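**Student:** Please find one structure pasted underneath; my questions will follow.
The values are calculated or read from the model by the stated rules, or taken from the named source; none is laboratory data. Everything quoted here is computed from the prediction, not taken from an experiment. Cβ atoms come from the backbone with ideal geometry, glycine included; neighbour counts cover every protein chain shown. Keep in mind that these areas ignore ligands, DNA and RNA; they rest on the heavy atoms of the full protein, side chains included. Shrake-Rupley method; radii C 1.70, N 1.55, O 1.52, S 1.80 Å.
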Amino acid sequence: GAGVSQSPSNKVTEKGKDVELRCDPISGHTALYWYRQSLGQGLEFLIYFQGNSAPDKSGLPSDRFSAERTGGSVSTLTIQRTQQEDSAVYLCASSLGPAREETQYFGPGTRLLVL
Amino acid sequence: LAKTTQPISMDSYEGQEVNITCSHNNIATNDYITWYQQFPSQGPRFIIQGYKTKVTNEVASLFIPADRKSSTLSLPRVSLSDTAVYYCLVGDRYYGNKLVFGAGTILRVKS
């Protein structure tokens, strides 16, 4: 079946603009995660959605970052007033359930460049 | 979350067995050990997960000693396509699903 998809694959924006990144998880997966990966670095957790529960936003770096998940499926990560340090690859992952032993399946990522 | 330490990089040749060791001295009772693989321009991909002793799947083996303070990912007969970054993660099985990736180990397989 289809894996996790993300769009756009690449995004170039000017400092101060808002951007929206989209994630389509694997059908039937109740858990959805957003991560950020800067050049040459490991992944940094941003936010986690599980079913209809309130999301875990503990990884969001500032209030310019927000995310929503509509209908328990598609998720959008929004970055307002982008800064150059926001440049990174933004990765989305989904898993069947919330337990750690549930494998997280990652999408290809969105490469964001803020000029 | 337990901190992990891995070698920054390793080099190998095609057909060799590669063993990547990860140290996690502060591993907790409920923690599982998971390894991911990441190719350039792709998201990480799950390889293997274990709690203790040895786990084997079609891709790799994971060796975990009795004290669980380290683990070794073993890749049999690597090929050029195994060139990637390998991440070791340790975390609670039931709480905190946020994966915390370290810098990982860059494995370069040469012909």
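**Student:** Looking at (1) at pLDDT 95 or above; (2) under 20 Å from residue A:104 (Cβ atoms); (3) surrounded by fewer than 19 Cβ atoms within 10 Å (Cβ to Cβ), which one does residue A:28 not meet, given that it meets all the others?
**Tutor:** If we test residue A:28 against (1) at pLDDT 95 or above; (2) under 20 Å from residue A:104 (Cβ atoms); (3) surrounded by fewer than 19 Cβ atoms within 10 Å (Cβ to Cβ), just (1) comes out false.
**Student:** Of the residues that make up segment B:15-32, is at least one within 14 Å of another protein chain (Cβ to nearest Cβ), buried (at least 19 other Cβ atoms within 10 Å of the Cβ), assigned to a loop (DSSP other than H, G, I, E, B) and touching a Lys or Arg at 6+ places or on another chain (Cβ under 7 Å)?
**Tutor:** Scanning segment B:15-32 turns up at least one residue that is within 14 Å of another protein chain (Cβ to nearest Cβ), buried (at least 19 other Cβ atoms within 10 Å of the Cβ), assigned to a loop (DSSP other than H, G, I, E, B) and touching a Lys or Arg at 6+ places or on another chain (Cβ under 7 Å).
**Student:** Report every pair of residues separated by at least 6 positions or lying on different chains whose Cβ atoms are under 7 Å apart, first residue within segment A:49-63 and within 12 Å of another protein chain (Cβ to nearest Cβ), second among the polar types (S, T, N, Q).
**Tutor:** A:49/A:75; A:50/A:30
**Student:** Starting from residues that are polar (S, T, N, Q) and touching a residue at least 12 places away in the same chain (Cβ under 8 Å), keep the ones in segment A:25-48 and report whichever is farthest from residue B:102 (Cα to Cα).
**Tutor:** A:27
**Student:** May I pose another question? Can you tell me which of (1) open to solvent by less than 70 Å² (accessible area, probe 1.4 Å); (2) of a type in the set (Val, Ile, Thr); (3) more than 26 Å from residue B:105 (Cβ to Cβ) is the one residue A:4 doesn't meet?
**Tutor:** The number of the failed condition is (3).
**Student:** While we're looking at this one, here's another question. Residue A:54 fails exactly one of the following numbered conditions: (1) in contact with a Leu (Cβ under 6 Å, 6 or more places away or on another chain); (2) assigned to a loop (DSSP other than H, G, I, E, B); (3) aliphatic (A, V, I, L, M). What is the number of that condition?
**Tutor:** Here residue A:54 clears every test but (1).
**Student:** Going by the structure shown, is residue A:81 part of a strand (DSSP E or B) and either among the charged types (D, E, K, R) or free of Cβ contacts under 8 Å to residues at least 12 places away in the same chain (or both)?
**Tutor:** no
**Student:** Out of segment A:86-98, which residues are at pLDDT 95 or above and away from every other protein chain (no Cβ under 11 Å)?
**Tutor:** Once the filter is applied, which keeps residues that are at pLDDT 95 or above and away from every other protein chain (no Cβ under 11 Å), segment A:86-98 yields A:86, A:87, A:88.
**Student:** List the number of the failed condition for residue A:46; all other conditions in (1) open to solvent by less than 30 Å² (accessible area, probe 1.4 Å); (2) modelled with pLDDT of 95 or more; (3) part of a strand (DSSP E or B) hold.
**Tutor:** (2)
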